[in-house]
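Take a look at the structure below.
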Amino acid sequence: MISVRRDICAYCGCCISVCPEGALELIDAYLDVDANTCITCGICVRACPLGALEVKK
Amino acid sequence: MKSTYDMLVIGAGPAGAFAAKTAAEKGLSVLMVEKRPAPGAPVRCAEGVGKELLREFMKPDERWVAAEIERAHLIAPDGFRMEMNPEKAGSEVGYVLHRKVFDRELVWQAAAAGSDIMVKTRACSPVMENGVVKGALLEYNGTVTEVRAGVTIAADGVESKFARWCGVNTTVPLREMETCAQYLMTGSDIDPHATEFFAGNDVAPGGYVWIFPKGEKTANVGIGIGGDRGGKPGIRPIDYLNRFVKQHFPNGKTIELIAGGVSICKPLESTVADGLMIVGDAARVSDPLTGGGIYNALYTGKTAGEVAVDSLAKGDVSRKALMKYDETWRASYMGKALERNYQIKEVFVKLTDDDLNSIIHSVAKMNMSEFNTLSLIKNIITANPKVAMKLGKAGLKSLIDSI
């Protein structure tokens, strides 16, 4: 599962389009992770310009 | 809000707003929805646009033109500065906008043309019938309402979800997602009429640093790096940006933080489906070399609006009928530029600092009168045979074919 550091995230949406599963969505000003769809591949973590995403085992 | 419209536009950025305006002016009933409470904010853009390109759509207005750019500087990894005057810099000489004002102007124009607008309203699902997009479910203020439309436009930006929900694969490969951070900085002596671009693997691997002035002493200072080049503490865009700013703007004050992503992949294989057209960043039509997307958004939005009008008049919104939109933009100036710049980008991201240094030095020595893209590339390759090797035969051919 991916966890979002809300104190860091600037809700830019950069992570969303690289997600192969479509598990992320930017809803107004917060990032939503769909736990049922996320495969914890970590691609979004690498795309984040600020370091707001973490893989939580 | 009515329950049925001729056209539903998801997203009120430049692409969506121009589609809405174009269609509403031709008499279509249009609803444009924006998930944010305020179109244009927060900004996610370096805000540069080519002068001539913008003028195709709008008369420049001092309310949203922050700076007029007369020249550009390209700074090689070894510190060598090459000045590009308008003839040399081409469309990269232009305006720096206030997107917060510019985007609202476009939304205002769409509204003035007759389009309905809803803000803080999210399209949470398409309405599909037999594989045809027939509108969307819209969430507003805690309730979900179905709105049906003859044609739906996905203008939902880089973070687009709508087209994916309709069955279009919009995933951007990580290495082709430019990951970006930018500060709006003030209190530094910058040339208010010059943009600066810094290239190099220590400065911005797989991308570049830009300084885009927004008036006296104020500028967007930003960076984009390849999506596969960062991802760890210390090498993320924000880390590169902080190091750059510390070195180049020690006394500058940061008055805004902007993060963002720009796709530098090829455009979507198809930007239409039954009842659906995809425009702007959602269609992945931002420029793969420069990252610029404002003109491309306006152009695809306008073209989609025109095709929507024609298709609805003929009573046919099938994928086949809407292909007119896809074919038109691919054959346009923009479509050709995207193809060419994709090929150049594929070379650019593989260059070492030595390659970059020798290319920039050799370009600086070129005769300006010969400065068109083909002769530029010929000259670069002649002066830098190593670069030609990197391209390979296939790369060289596709690059030359695309010019």
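The values are calculated or read from the model by the stated rules, or taken from the named source; none is laboratory data. Model, not experiment: these values are computed from the prediction. Cβ: placed from backbone, ideal geometry, glycine included. Neighbour counts: every protein chain shown. The protein model used for the area step is the full one, side chains on, heavy atoms only, and it has no ligands, DNA or RNA in it. Shrake-Rupley method; radii C 1.70, N 1.55, O 1.52, S 1.80 Å.
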Can you tell me the order of B:9-18, B:184-193 when each peptide is scored by its average per-residue count of other Cβ atoms within 10 angstrom, highest first? B:9-18, B:184-193
Under the Kirkwood approximation for Rh and a Cα-based Rg, what ratio Rg/Rh is obtained for region B:264-390? 1.13
Would you pull out the residues with amide H under 5 Å of B:Val127's amide H, same chain only if 5 or more places away, H placed 1.01 Å from N? B:Lys134, B:Gly135, B:Ala136, B:Leu137
Which cross-chain or sequence-distant (5 or more) residues have an amide H under 5 Å from the amide H of B:Thr4, H modelled 1.01 Å from N in plane? B:Arg148
Can you pull the percent of the protein assembly as shown's accessible area that's carbon plus sulfur, 1.4 Å probe, other chains left in place? 52
Relative contact order for chain B using alpha-carbon pairs under 8 Å, separation at least 6, rounded to a whole percent? 19
Quick one: work out the % antiparallel among DSSP beta bridges in chain B, nearest 5. 70
GluC sites (Glu not before Pro) restricted to region A:8-57 and DSSP loop, no more than 16 other C-beta within 10 Å: A:Glu21
Within a 10 angstrom radius of each residue's Cβ in B:114-124, how many Cβ atoms of other chains show up on average? Whole number is fine. 1
What whole number of Å gives the distance from the Cα centroid of region B:154-214 to the Cα centroid of chain A? 18
GNM of chain B, Cα pairs under 10 angstrom: of B:Leu97, B:Leu276, B:Leu138, the biggest fluctuation goes to B:Leu138
Is region A:14-57 rounded, prolate or oblate when judged by the Cα gyration tensor, a ≥ b ≥ c being the square roots of its eigenvalues, rounded requiring a/c under 1.5 and prolate requiring a/b larger than b/c? rounded
From the Cα centre of region B:24-51 to that of region B:54-123, the distance in Å is 13
Average partner coverage of A:39-51, which counts Cβ from other chains inside 10 Å: 6
Residue-ordered couplings for region B:136-153, obtained by feeding phi - 60° into the Karplus form 6.51 cos²θ - 1.76 cosθ + 1.60 and rounding to whole Hz (Gly and Pro as x), are 8, 8, 10, 9, 9, 6, x, 10, 10, 10, 8, 10, 9, 8, x, 10, 10, 10
Comparing B:Gly305, B:Gly280, B:Gly260 in a Gaussian network model of chain B (Cα, 10 Å), the one with the largest mean-square fluctuation is B:Gly260
Sum of -39500 (n - 2.57) over DSSP H runs of 4+, divided by residues of chain B (222 nm, nearest 500): -11000 deg cm²/dmol
Mind jotting down a quarter of the surface of the convex hull over the alpha carbons of region B:215-258, in square nanometres, one decimal? 3.6
Heavy-atom SASA rank of B:Asp326, A:Asp32 (probe 1.4 Å, accessible area, largest first): A:Asp32, B:Asp326
Strictly under 4.7 angstrom between C-beta atoms: which cysteines of the protein assembly as shown have no such partner? A:Cys9, A:Cys12, A:Cys14, A:Cys19, A:Cys38, A:Cys41, A:Cys48, B:Cys45, B:Cys124, B:Cys166, B:Cys180, B:Cys265
Anisotropy class of region B:290-355 from Cα gyration tensor, a/c 1.5 cut: prolate
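How would you classify the protein assembly as shown from its alpha-carbon gyration tensor, with a ≥ b ≥ c the square roots of the eigenvalues: rounded for a/c under 1.5, else prolate if a/b is greater than b/c, otherwise oblate?
Prolate, because a/c is 1.5 or more and a/b exceeds b/c.
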Candidates B:Ile69, B:Ile381, B:Ile153; GNM for chain B (alpha-carbon contacts under 10 Å) flags as most fluctuating B:Ile381
Could you tell me which GluC sites (Glu not before Pro) in region B:239-339 are loop residues by DSSP with no more than 11 other beta carbons within 10 angstrom of their beta carbon? B:Glu269
